[in-house]
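The values are calculated or read from the model by the stated rules, or taken from the named source; none is laboratory data. Just so it is clear, the model here is predicted, and its values are computed rather than measured. For neighbour counting, all protein chains shown are included, and Cβ atoms are generated from backbone atoms with ideal geometry for every residue, glycine included.
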Amino acid sequence: MQIRHHAAGIAILTLTAIGAGFALAQQPPEVNPDYEPPRTPWGDPDLQGKWPGTAMVGVPMQRPQDLGDRNWLTEAEFQERVARADRQEATDLADFRLENAANTPGGGVGGPVSPPPHWLERGEPQYQAGLIVDPINGQYPAQTNPVEGGGRRGFGSSQANTYLDRSNYDRCITRGIAGSVLPVIYNNGNQIVQAPNFVAIRNEMIHETRIVPLDGRPHVSSDVRMWMGDSRGYWDGDTLVVETTNLNDQTSIRVNGGGSPISQNATITERLTRISDDTILYSMTTDDPETWVSPWTLQLPLKLDNDYGMFEYACHEGNYAMFNILSGARAEEPRGSEAAAAGPE
């Protein structure tokens, strides 16, 4: 786990519209239109390096509705967000000191001062209000066939009748393409490695790595369905475009891979543009008519940090927990039956 304390956020201007009808540039500083990204020895824009999304932890998928179509905070709103982060950090640190004192022989509110002992990495206050930038209101589109519970079908459950009641994340399988990139909790590393006609995109949590061919080959047969789908890429000017199809219907496009799954006919299109020496503008458009009435796009900046440690994400705790979750539920069932039979007191 890596803890990063907040600092003043950055705001990014969209270089080109990703979808019709939205514009992001209301407050952020101008991006240098003459910026030329470095090149690989074979002439492609060089996107190689480690690009963790930690700074964006805490920016919600959907923007607060009171902001309407505005996705950038004013300076006053941003300073309020900074003050709120300062207060939360002070509260967390005070809680840690009290807990540390309780576990220190002799008591006292002394002891070492270090980050609070929870697993959440700290983001940095951002001018960007929400990750969804299309639709222009920053909200998910309406669902095509909504069902009770807000999804096309259930994904994970409060029940524990079978391992299928647990999410893919609980089961240490995958968080899906979006969940592997979206910043949350910890281990927010992303790494890009390039070779002629190939790009490898590696995500730290649940150790996902996609090898993306850039040589124009077609997607694999539609009979083949995969957790992370089948990705193909090409260059649109200096922007790397990655189109993914052949998904199964068991992954989601939300934080940590939670929420209702998308259909197997979804198409996910990512765009990665290096807009400065230390920033990639990353966007993801999901087109899934079986789930949403229109495509929608999320966007965030990724900052270069080649000193970032990409740690192994073994995820054994989820494997061991499955037995305990299911056996614990079986142990509770007789008590529930007895209480129901006894009736109200």
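The residues on offer are 302, 281, 298, and the sole one that is crowded, with 21+ Cβ neighbours inside 10 Å, under 17 Å from residue 176 (Cα atoms) and not acidic (Asp, Glu) is 298. Taken over the stretch 221-235, the residue count meeting the criterion of being in contact with a Ser or Thr (Cβ under 9 Å, 6 or more places away or on another chain) and either closer than 18 Å to residue 196 by Cβ or among the aliphatic types (A, V, I, L, M) (or both) is 3. Tallying residues that are farther than 17 Å from residue 164 by Cα, part of a loop (DSSP other than H, G, I, E, B) and within 15 Å of the chain's Cα centre (by Cα) within the stretch 246-269 yields 2.
In the condition set (1) out of contact with any Pro (no Cβ under 6 Å at 6 or more places or on another chain); (2) crowded, with 17+ Cβ neighbours inside 10 Å; (3) hydrophobic (A, V, I, L, M, F, W, C), residue 310 is compliant with all but (2).
Within the stretch 54-84, the residues that satisfy the criterion of being over 21 Å from the mean Cα position of the chain (by Cα) and in a helix (DSSP H, G or I) are 66, 67, 75, 76, 77, 78, 79, 80, 82, 83, 84. Could you tell me whether the stretch 264-275 includes any residue that is of a type in the set (Asp, Glu), at pLDDT 95 or above and over 20 Å from residue 189 (Cα atoms)? No, the conditions are met nowhere in the stretch 264-275. Contact list please: Cβ distance under 6 Å, first residue in the stretch 233-247 and touching a residue at least 60 places away in the same chain (Cβ under 8 Å) and under 16 Å from residue 218 (Cβ atoms), second residue of a type outside the set (Lys, Arg) and not in a loop (DSSP other than H, G, I, E, B), pairs at least six apart or on different chains. Sorted first by the residue in the stretch 233-247, then by its partner, the pairs are 244/231; 244/268.
Residues of the stretch 46-83 that are within 30 Å of residue 141 (Cα to Cα) and of a type in the set (Lys, Arg): 63, 70, 81.
With respect to residue 14, determine if the residue is modelled with pLDDT under 90, under 30 Å from residue 195 (Cβ atoms), out of contact with any Phe, Trp or Tyr (no Cβ under 8 Å at 6 or more places or on another chain) and among the hydroxyl-bearing types (Ser, Thr, Tyr). Can you show your working first?
Details: modelled with pLDDT under 90: yes; under 30 Å from residue 195 (Cβ atoms): yes; out of contact with any Phe, Trp or Tyr (no Cβ under 8 Å at 6 or more places or on another chain): yes; among the hydroxyl-bearing types (Ser, Thr, Tyr): yes.
The answer is yes for residue 14.
Filter the stretch 42-56 for residues that are of a type outside the set (D, E, K, R) and touching a residue at least 40 places away in the same chain (Cβ under 8 Å) and give the result.
First pass over the stretch 42-56, keeping only residues of a type outside the set (D, E, K, R): 42-43, 45, 47-49, 51-56.
If the condition is that a residue be of a type outside the set (D, E, K, R) and touching a residue at least 40 places away in the same chain (Cβ under 8 Å), then 42, 45, 47, 48, 49, 51, 52, 53, 54, 55, 56 are the ones that fit.
Does the stretch 237-251 contain at least one residue that is crowded, with 20+ Cβ neighbours inside 10 Å, at pLDDT below 95 and touching a Ser or Thr at 6+ places or on another chain (Cβ under 7 Å)? Taking every residue of the stretch 237-251 in turn, at least one turns out to be crowded, with 20+ Cβ neighbours inside 10 Å, at pLDDT below 95 and touching a Ser or Thr at 6+ places or on another chain (Cβ under 7 Å).
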